[in-house]
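Please read the structure below before turning to the comments.
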Amino acid sequence: MKRRSFLTAAIVAALAAKSLANNCKKGKVMQYPLTPLEYPHNALEPWIDEETVGFHHDKHQATYVANLNAALDSGFKFEGSLTSLLEGLEKVPDGIRGAVRNNGGGVWNHEFYWLGLSPNKSEPSPELLLAIEKSFGSLDGLKKLLSEASVKRFGSGWGWLCVDFDGNLKICSTPNQDNPIMGETAGLEKMVPLLNIDVWEHAYYLKYKNLRAEYVKNIWNLVNWKRVSERYEAAIKDKKATL
Ligand code: MN
């Protein structure tokens with residue numbers, strides 16, 4: 001496996017394994033599942049309200065799943081993980097590449113988003129905190145920069161904290177449902193995501209209306225630093241192993 005594929009695949013190994021287990025139905029076209037949330041719809045209150053979580057997961061994410069499956073049903077033989085599909089968009093036939101990019105990206109980004117949030121407080125690991133301080137001065141410095149990138153994203157999209165392939169933490173944002181694992185097919189620098197913030201209006205509008213900055217400010221109360229730290233440590237470990 002190529003170094004980059006290995007690195008990103010390791011980060012989301014659990015996701016990929018779960019997806020494969022759910023997807024491999026003998027004799028049927030592979031159908032990607034709507035992955036359930038780890039917590040109830042009201043678990044992220046008061047920062048993200050129950051109604052928003054319900055619509056966001058059960059309606060918006062479900063629609064990306066349905067549209068991804070419709071695209072994959074066109075005859076394209078997809079046997080890997082969703083991650084490998086998005087990493088290799090150039091191998092997807094022209095006729096469905098846009099649909100896979102938008103809807104496959106939509107599914108991946110939302111699964112990653114929910115897993116990066118938790119009602120339970122946690123802190124970055126010492127290793128991650130050290131990397132954050134090296135790159136951004138402090139945890140508050142990271143929050144400020146990622147909040148700015150997310151709030152300033154014009155229209156719909158995402159803010160991201162990533163590790164690049166030199167092991168540096170980086171902040172970026174993407175439009176629509178693009179993400180940093182897609183690489184150059186989506187015009188992006190390929191990186192390993194650690195945390196994402198959904199700034200589509202559907203992520204906050206029911207509660208915050210036009211106040212995207214308020215939603216972004218409050219989402220820091222929900223970040224699952226335990227998982228972000230695990231993602232970081234896996235990325236660094238595998239990078240070392242493959243250098
Ligand atoms: Mn969303």
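The values are calculated or read from the model by the stated rules, or taken from the named source; none is laboratory data. No experiment lies behind these values; they were computed from the predicted model shown. Note that each Cβ is placed from the backbone with ideal geometry, even for glycine, and that neighbours are counted across all protein chains shown. Side chains included, ligands, DNA and RNA excluded: accessible areas come from the protein's heavy atoms. Shrake-Rupley method; radii C 1.70, N 1.55, O 1.52, S 1.80 Å.
For segment 193-214, filtering for residues that are within 22 Å of Ile132 (Cβ to Cβ) and open to solvent by less than 20 Å² (accessible area, probe 1.4 Å) leaves 7. Filtering Glu189, Glu230 for residues that are in a helix (DSSP H, G or I), more than 16 Å from the ligand (Cβ to nearest atom), of a type outside the set (Lys, Arg) and surrounded by fewer than 19 Cβ atoms within 10 Å (Cβ to Cβ) leaves a single hit, Glu230.
So that you can scan it fast, the table gives a plain yes or no per residue for (1) over 25 Å from Thr35 (Cα atoms); (2) modelled with pLDDT under 95:
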{"position": "Phe112", "(1), (2)": "no, no"}
{"position": "Ser125", "(1), (2)": "yes, no"}
{"position": "Lys144", "(1), (2)": "yes, no"}
{"position": "Gly159", "(1), (2)": "no, no"}
{"position": "Pro175", "(1), (2)": "no, no"}
{"position": "Gly183", "(1), (2)": "no, yes"}
{"position": "Lys207", "(1), (2)": "no, no"}
{"position": "Arg227", "(1), (2)": "no, no"}
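With respect to the stated conditions, Ser81 is of a type outside the set (Phe, Trp, Tyr), at pLDDT below 95 and under 17 Å from the mean Cα position of the chain (by Cα). Count of segment 49-66 residues, restricted to those that are more than 13 Å from the ligand (Cβ to nearest atom), open to solvent by 70 Å² or more (accessible area, probe 1.4 Å) and in contact (Cβ under 8 Å) with a residue 12 or more places away in the chain, is 1.
Of the numbered conditions (1) out of contact with any Asp or Glu (no Cβ under 8 Å at 6 or more places or on another chain); (2) under 20 Å from His60 (Cβ atoms); (3) buried (at least 19 other Cβ atoms within 10 Å of the Cβ), Gly155 fails exactly one; give the number of that condition. With respect to (1) out of contact with any Asp or Glu (no Cβ under 8 Å at 6 or more places or on another chain); (2) under 20 Å from His60 (Cβ atoms); (3) buried (at least 19 other Cβ atoms within 10 Å of the Cβ), Gly155 is out only on (3). All told, Lys121 falls short of being buried (at least 16 other Cβ atoms within 10 Å of the Cβ), at pLDDT 95 or above and closer than 24 Å to Tyr39 by Cβ. Residue-level analysis places Arg153 among those that are in contact with a strand residue (DSSP E or B) (Cβ under 6 Å, 6 or more places away or on another chain), of a type in the set (Lys, Arg), more than 24 Å from Ser81 (Cβ to Cβ) and touching a residue at least 12 places away in the same chain (Cβ under 8 Å). Could you list, in sequence order, all residues of segment 176-186 that are open to solvent by less than 40 Å² (accessible area, probe 1.4 Å) and either of a type outside the set (Gly, Ala, Ser) or part of a loop (DSSP other than H, G, I, E, B) (or both)? Those that are open to solvent by less than 40 Å² (accessible area, probe 1.4 Å) and either of a type outside the set (Gly, Ala, Ser) or part of a loop (DSSP other than H, G, I, E, B) (or both): Gln177, Asp178, Asn179, Pro180, Ile181, Met182.
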